[in-house]
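Presented below is the structure to which this report refers.
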Amino acid sequence: MLSSRQIIITDYCDPSLIDGLTTMGFHVDYHPEILPAELDTVIGEYEGIVVNTKIRMDVNRILKAKKLQFICRLGSGLDNIDVAYCTSHLIKVISSPEGNRQAVAEHALGMLLSLLDKLPQGMEEVRTGRWDRESVRGRELSGLKFGIIGFGNNGSAMSEVLAGFDLDIYIYDKYKSLNLTDQCFSRRHSSTLEELLQQSDIISFHVPLTPETANWLNDAFVNKCKDGVILINTSRGGIADLDSIIRGIQNQKIAGACLDVFTNEKPATYTEDDRRMMSQLSEMPQVVMTPHVAGWTVESKIKISKTLLGKVQYIISNPTENQYFY
């Protein structure tokens, strides 16, 4: 049972989350700018904690949280939480991928259309008064073949936003049995990874960062793709080796890349290699980059809060049920 019902929120959220938790009977401490070292001094007071990406809930931090009964993750991705330890110690882990699935899919599509239509270059043409229209002649998405790796919340949302385009969608998910019988998605195909790599003009990653997926997008992966492939990564930066992308673009194996996530997302801590790779990518017109904001919309902020509130309410109502909410 939840006892004193104290919860700390360690990142920015919609006010509805604070209001909803308060209505449920929690005393809510809202500290969106709290530093990890500061959290460690007070975490022992709380039965619940809400985190985003900046706070790692590893074993050492969890051990300091003697009263901890659940961890809420704003958004998707659990690579900053030791889920195995939580499971073995009956600490609930709650994530909210349903809340930003649409935002991630729309952002990935926006990046892709921007790349295909050369929108950044076109904007520069207008700004500088050159108007060299031929240099910014774009490509159409319709008619291409699209590969989706991972078919959870974000992967399935990606397929939905593509439904209005005239293209075939190849879907690979190692851990899901896919039911693709919806008439409106009649051109979705359950695929092997090999078939997806051979067929797809565009490949979008929608998988968690695990030991199995770390550095998946490497030279070997790129070499198995079609020549001129476009790669999209809105999942986790650790999935992609940036040097492999750079080399692929340089040798024209890769026609373009849309990257919202990176292995190191803190410029102040960049190594010499980090600075070199980011500089090279920034200078490539074949690359569109954004600062890990694919799921970061006004609407998703609200949806994430509603999702978490519903799941927290469930565990309060069913305290003995050994169920997890990824």
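The values are calculated or read from the model by the stated rules, or taken from the named source; none is laboratory data. Please read these numbers as outputs of a predicted model, since none were measured by experiment. Cβ placement follows ideal geometry from the backbone for every residue including glycine, while neighbour counts extend to all protein chains displayed. Only protein heavy atoms, including side chains, enter the accessible area calculation; ligands, DNA and RNA are left aside. Shrake-Rupley method; radii C 1.70, N 1.55, O 1.52, S 1.80 Å.
Observations, loosely collected:
- Here is how the number arises for the chain: DSSP H runs of 4 or more residues each give -39500 (n - 2.57), the sum is divided by the residue count, and the result at 222 nm is -11000 deg cm²/dmol.
- Net charge over other residues, Cβ less than 12 angstrom from the Cβ of Asp166 (K, R count +1; D, E count -1): 0
- Accessible surface of Val126, taken over heavy atoms with a 1.4 Å probe and every protein chain present, rounds to 90 Å².
- Environment charge of Gly238, counting only residues whose C-beta is closer than 12 Å and scoring Lys/Arg +1, Asp/Glu -1: -3
- Here the simple spin-label model places points 7 Å from the Cα toward Cβ, and for Leu35 and Tyr270 these points are separated by 2.3 nm.
- Amide H partners (placed H, <5 Å) of His189, local residues excluded: Ile169, Tyr170, Ile171
- Spin-label model distance (nm) - Ser282 vs Ala220, 7 Å beyond Cα toward Cβ: 3.3
- Dmax and Rg, reported as Rg then Dmax, of the stretch 123-224 (C-alpha, Å): 16.8, 53
- Computed with a 1.4 Å probe over protein heavy atoms only, the accessible area of Thr234 comes to about 10 Å².
- Per-residue accessible area (protein heavy atoms, 1.4 Å probe) orders Thr271, Thr10, Thr320 as Thr320, Thr271, Thr10, starting from the largest.
- In plain terms, if you count all Cα to Cα distances in the stretch 56-185 and split them into 10 Å steps from zero, the share in each step is 10, 27, 24, 20, 13, 5, 1 percent.
- For the pair Tyr314 and Thr263, a Förster radius of 30 Å applied to the C-beta separation gives a FRET efficiency near 0.30, rounded to the nearest 0.05.
- Accessible surface for Tyr314 stands near 80 Å², nearest 10, in the context of the full protein assembly shown (1.4 Å probe).
- Compactness of the chain is given as radius of gyration and Dmax, 21.4, 68 Å, from Cα positions.
- Note that the stretch 240-246 has calculated 3J(HN,Hα) couplings of 10, 7, 4, 5, 5, 5, 4 Hz, one per residue in order, obtained from phi through the Karplus relation 6.51 cos²θ - 1.76 cosθ + 1.60 (θ = phi - 60°); glycine and proline are x.
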